[in-house]
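To keep things clear, I will list the structure first and then write my remarks on it.
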Amino acid sequence: WTDWTITGYSGLEIINGNLNGEDETTINNLGGDTDSWREFLQDETNPDNGFVVGIGNSDTHDSTFGSPSAYTYCYMGSLLDSNIISALEGGNCITSTGSLVYFTLDGTIIGDKATVPEGINALDISANSEGFGNLEWLLIYVDEQLRDSIPLFGTSYSDSVDIDLDTSDDYIRLELYT
């Protein structure tokens, strides 16, 4: 990196190569010496400027001949450089070690600010692990409180889940396990 005049950031690499202990610290080091991605999410006070995006990157650790071991999936209409940049800037991304899970909340996509009524809201979820093993668990967090754990089978899942929200809730985060 040579341009040291740049300050601030909107993304944080939370998975580098295969998920390991350092990545776990980057993601989950709540109350530790260094800030973690989950702390950035919890500390967000102005979602109008976007949340800190979690990025998965393999830095070619897997060589140019192998498959990458970390991914950043971007939610976009078509594969254009400008759409990739917009998706990263807008937080319309999913970080993974392979499997893909995404959702909409009453029609609002990942990374966008949702204005939802207090009470029951529809969380439409799709997951696919083809090539990465069978799905086992889907965990749904509102802020950092586990709201639901759904056992899964096979390599795909699609369903609408009712989720009870109130005005103090800031974000929803899903974890998918194979």
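Here is how the numbers come out for the structure above:
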| item | result |
| --- | --- |
| Linear extension gain, W137 paired with D164, 0.36 nm per residue minus alpha-carbon span | 7.7 nm |
| Separation of the S126 and S86 label points, Cα + 7 Å toward Cβ, nm | 1.9 nm |
| Surrounding net charge for C74, when Lys and Arg each add one and Asp and Glu each subtract one, Cβ distance under 12 Å | -2 |
| Global geometry of the range 63-178, whether rounded, prolate or oblate, following the gyration tensor of its Cα atoms and the 1.5 cut on a/c | oblate |
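A short reminder: the numbers here are calculations on the coordinates, not readings from a lab. No experiment lies behind these values; they were computed from the predicted model shown. In this analysis, Cβ positions are derived from the backbone assuming ideal geometry, glycine residues included, and neighbour counts consider all displayed protein chains.
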